[in-house]
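The values are calculated or read from the model by the stated rules, or taken from the named source; none is laboratory data. Everything numeric in this text was worked out from a predicted model, so none of it was measured. Every residue, glycine as well, gets a Cβ built from its backbone with ideal geometry; the counts of neighbours run over all protein chains shown.
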Amino acid sequence: MAHEHMNPVIDQIIANIEKVMIGKRNVAELSLVALLAGGHVLLEDVPGVGKTMMVRALAKSVNAKFRRIQFTPDLLPSDVTGVSIYNPKEMEFQFRPGPLMGNIILADEINRTSPKTQSALLEGMEEASVTIDGVTHKLSKPFFVMATQNPIEYEGTYPLPEAQLDRFLLKMKMGYPDIQEEIEVLNRAQKTPPIEDLQPVIDLDGLLQLQQEVKEVFVDDTIKRYIVDIVNGTRGHGSVYLGASPRGSIALMKAAQAYAYVNNRDYVLPDDVQYLAPYVLSHRIILKSEAKFEGISAEEVVNRVVARVPVPIRRLVK
């Protein structure tokens, strides 16, 4: 995709991220798409490929409170959400907020913790609030979670339940850097980490304003039909046991609006939908066991569905 027409503010945020992260521009761009669309990201990757740096750079760029939660098998829900502690002086319970009470949260290795603790995080993501001892606490706005999970084959992992996977707007893999990029990683490791020098590009109010503007991006009826046809195509596919729900259609539309906005357009193109479909839909479908056995991936299935659905050709400019 061409980047020469990128929205200037977005361009600056991505330039900031690229100062600390080498090579993975599409990951930075897609993370921003999710943030602007008010969604969350699931990154499936091995440890040590620079996820924490990227999320910290993103938080610094928008002047947000950054929190990192390292998920472990013994982590309790209250370690994530916070806890009420009795204060004998005041003779009442006082709420001590947990790390979930930030703006940009890195939930690291989410599949290493128990389902109960996972669901505390996921409730926060879904409801934008957490309930502790019967009291509901609103989470800050904006609120963005980037969760990472180890590839499923790792020992001691609790896979995320399918019903909870679709709380994530996008799922992607970062992958190892190529050889040239890894040499550059070494070069930078000899110097002071550039993360300390990053300056905010906008503040939180500015970010909330951008999120509002994304909602105004025009989606033509033919594009809505195109989105629904693609999502519907996952439901009838021979390799699929369970297709994407209407929540998948909404997610694809919201992501496409944000992607158009990032690329400085106020209308969505079929190209936006095609590019985003694998990131938005592949974690929302369940493959039949024989498809898994044959080594077919969910991404491949989504790409095949997209290839089959006719592209709307009407002029889409208002």
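Below are the figures for this structure:
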quantity: Residues within the range 256-298 that are modelled with pLDDT of 95 or more and polar (S, T, N, Q), tallied; calculated: 2
quantity: Any hit, the range 135-151, residues being without any contact (Cβ under 8 Å) to a residue 60 or more places away in the chain, surrounded by 22 or more Cβ atoms within 10 Å (Cβ to Cβ) and over 19 Å from the mean Cα position of the chain (by Cα); calculated: no
quantity: Output for the range 188-200, where each listed residue is loosely packed, with under 12 Cβ neighbours inside 10 Å and under 18 Å from Ile17 (Cβ atoms); calculated: Ala189, Lys191, Thr192, Glu196, Asp197, Gln199
quantity: Residues satisfying the stated conditions in the range 114-170, i.e. over 27 Å from Ala57 (Cα atoms), part of a loop (DSSP other than H, G, I, E, B) and charged (D, E, K, R); calculated: Asp133, Glu153, Glu155
quantity: Wholly enclosed helices (runs of 4 or more DSSP H) of the range 241-302 bearing at least 2 residues small (Gly, Ala, Ser) and within 28 Å of Leu207 (Cβ to Cβ); calculated: 246-262
quantity: Only listed residue being modelled with pLDDT of 90 or more, touching a Leu at 6+ places or on another chain (Cβ under 6 Å) and assigned by TED's automatic domain parsing to the domain that holds Ile179, chosen from Val62, Val33, Val55; calculated: Val62
quantity: Number of the condition not met by Gly48 [criteria: (1) within 16 Å of the chain's Cα centre (by Cα); (2) farther than 24 Å from Pro115 by Cα; (3) modelled with pLDDT under 85]; calculated: (1)
quantity: Residue satisfying condition, being under 30 Å from Gly206 (Cα atoms) and modelled with pLDDT of 85 or more, within set Pro77, Pro99, Pro73, Pro88; calculated: Pro99
quantity: Meets criteria (surrounded by 15 or more Cβ atoms within 10 Å (Cβ to Cβ), within 20 Å of the chain's Cα centre (by Cα) and at pLDDT 80 or above) for Leu210; calculated: yes
quantity: Exclusive hit being crowded, with 18+ Cβ neighbours inside 10 Å, farther than 24 Å from Met125 by Cβ and not hydroxyl-bearing (Ser, Thr, Tyr), set Ile22, Ile85, Ile17; calculated: Ile22
quantity: For Val185: the one exception among (1) outside any loop (DSSP other than H, G, I, E, B); (2) closer than 25 Å to Ala37 by Cβ; calculated: (2)
